[in-house]
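The values are calculated or read from the model by the stated rules, or taken from the named source; none is laboratory data. Note that this is a predicted model, so its numbers are computed, not measured. Here the Cβ is made from the backbone with ideal geometry for all residues, glycine too, and neighbour counts use every protein chain on show.
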Amino acid sequence: MISLVSELFAFFFKQSPAVIWRRIRGQDMPWIVQLAVYGFCGVLATVVAVVQIVILSKTIIPAYEGMVVDGVTMTDDLRAQNLLINNTIAFLTTNVFAYFLNVMLVFKRGRHHPWMEFFYFTLINGISFTLSQVAGPWLVHRFGVPTNFAIFTNTVFAAAINFVARKFFVFKG
């Protein structure tokens, strides 16, 4: 474990930024660095998704507890429904963003035709998104949990499914 951490730090701190960027773009990096870059891409995609969901939930499609719609405080059922809509909108834009980040910084192209690669990427994302939508909104509906907790639950659940599926199905390691 210590050697992996040493390898990670050596990659980032014993080379110039230009060399680091060239090696990342060329996918010429140790696997521990590739995993770190994959994680970084995932964090960026998650931030983009969560920002979209929060903005939509606070403005256009209300989904926060205590919000008033048409003079009536939102029910948990309506909140859960609106959160699902906001998650779906964010999924569509974030999927494209995440795909391009992963292709640019993490994975080598060529295993599949580019359209099939994007299709598999989107299919796995869609499956994990669908499954994650059961977790967060169900918690809102069943237990009345705060919206931010439901968003966090969706994010963690989807990230775990995506990592395993991409590693063993889409990109095979």
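Structure notes:
- Residue in the range 163-173 that is surrounded by the most Cβ atoms within 10 Å (Cβ to Cβ), counting only those that are hydrophobic (A, V, I, L, M, F, W, C) and assigned to a helix (DSSP H, G or I): 170
Yes or no, residue by residue, for (1) of a type in the set (A, V, I, L, M); (2) at pLDDT 85 or above:
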{"position": "9", "(1), (2)": "no, no"}
{"position": "14", "(1), (2)": "no, yes"}
{"position": "19", "(1), (2)": "yes, yes"}
{"position": "24", "(1), (2)": "yes, yes"}
{"position": "31", "(1), (2)": "no, no"}
{"position": "35", "(1), (2)": "yes, no"}
{"position": "40", "(1), (2)": "no, yes"}
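- Filtering the range 114-162 to residues that are in contact (Cβ under 8 Å) with a residue 60 or more places away in the chain and either buried (at least 16 other Cβ atoms within 10 Å of the Cβ) or in contact with a Gly (Cβ under 9 Å, 6 or more places away or on another chain) (or both) leaves 140, 141, 147, 150, 151, 154, 155, 159, 162.
- Residues satisfying the stated conditions in the range 104-137, i.e. more than 14 Å from residue 162 (Cβ to Cβ) and either out of contact with any helix residue (DSSP H, G or I) (no Cβ under 8 Å at 6 or more places or on another chain) or among the acidic types (Asp, Glu) (or both): 108, 110, 113, 114, 115, 116, 117, 119, 134
- Taken together, the residues in the range 84-113 that are β-branched (Val, Ile, Thr) and closer than 20 Å to residue 169 by Cα amount to 3.
- Condition met for residue 94 (surrounded by fewer than 16 Cβ atoms within 10 Å (Cβ to Cβ), at pLDDT 90 or above and either among the polar types (S, T, N, Q) or in contact with a strand residue (DSSP E or B) (Cβ under 9 Å, 6 or more places away or on another chain) (or both)): no
- Flag set for residue 145, criterion: not in a helix (DSSP H, G or I) and not small (Gly, Ala, Ser).
- Filtered residues of the range 102-113 (kept if surrounded by fewer than 13 Cβ atoms within 10 Å (Cβ to Cβ) and at pLDDT below 80): 108, 109, 110, 111
- Taking each residue of the range 59-78 that is over 12 Å from residue 147 (Cα atoms) and modelled with pLDDT under 90 and looking for partners that are not in a loop (DSSP other than H, G, I, E, B) and not charged (D, E, K, R) with beta-carbon atoms closer than 8 Å, six or more apart or interchain, yields 69/78.
- Qualifying helices (runs of 4 or more DSSP H) (wholly inside the range 1-77; at least 1 residues being in contact with a Ser or Thr (Cβ under 9 Å, 6 or more places away or on another chain)): 31-58
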